[in-house]
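Report on one structure; see the data block that follows.
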Amino acid sequence: MMTYYPDFLKQLTAHTDGRLSDSEEHTCFLIKLGLRNKQIAQSMGITPNSVIKTKQRLRQKLKGLPADEDLTRWLQLLGEPLDKLPPGHMMFLGEHSAEDKETKIR
């Protein structure tokens, strides 16, 4: 996982006030890989309801995640190169696009 997304964990922890538990990090990696709740549950040996509860806790811990933003989509885009992000993707917590850096938007 880290080979394909070397900055994912670093960027993920930058969006939290504290440390994520190992199971929360694991859940985030599996979401990043595109697994569904049932697949994540089977992989981790837990129930799908436990996955849903973990996602709820993650949403509470993540800073700068708008209430209307889909957690799965947000995690899947986190750590992706800027040139691969879809048009109009929102940036969070001090991340700036190349265009912002050129114009030095405050």
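The values are calculated or read from the model by the stated rules, or taken from the named source; none is laboratory data. Remember, predicted model here, so these are calculated numbers, not experimental data. Neighbour counts are summed over all protein chains in view; Cβ atoms, including those assigned to glycine, are modelled from backbone coordinates with ideal geometry. In case anyone asks, the SASA skips ligands and DNA or RNA and just uses the protein heavy atoms, side chains included. Shrake-Rupley method; radii C 1.70, N 1.55, O 1.52, S 1.80 Å.
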Checklist line | Residue list for segment 38-64, restricted to those being in a helix (DSSP H, G or I) and either of a type in the set (D, E, K, R) or in contact (Cβ under 8 Å) with a residue 40 or more places away in the chain (or both) | finding: Lys38, Lys53, Lys55, Arg57, Arg59, Lys61
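Checking the structure you have, find out if any residue of segment 17-27 is farther than 18 Å from Gln60 by Cα and either out of contact with any helix residue (DSSP H, G or I) (no Cβ under 6 Å at 6 or more places or on another chain) or assigned to a helix (DSSP H, G or I) (or both). Don't jump to the end; show me each part of the working.
Looking only at segment 17-27, we keep the residues that are farther than 18 Å from Gln60 by Cα, and these are none.
Looking through segment 17-27, none of the residues is farther than 18 Å from Gln60 by Cα and either out of contact with any helix residue (DSSP H, G or I) (no Cβ under 6 Å at 6 or more places or on another chain) or assigned to a helix (DSSP H, G or I) (or both).
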Check: Any residue in segment 23-43 that is open to solvent by less than 70 Å² (accessible area, probe 1.4 Å), touching a Phe, Trp or Tyr at 6+ places or on another chain (Cβ under 7 Å) and modelled with pLDDT under 80?
Finding: no
Checklist line | In segment 81-104, residue modelled with the highest pLDDT [restricted to those that are open to solvent by less than 50 Å² (accessible area, probe 1.4 Å) and part of a loop (DSSP other than H, G, I, E, B)] | finding: Pro86
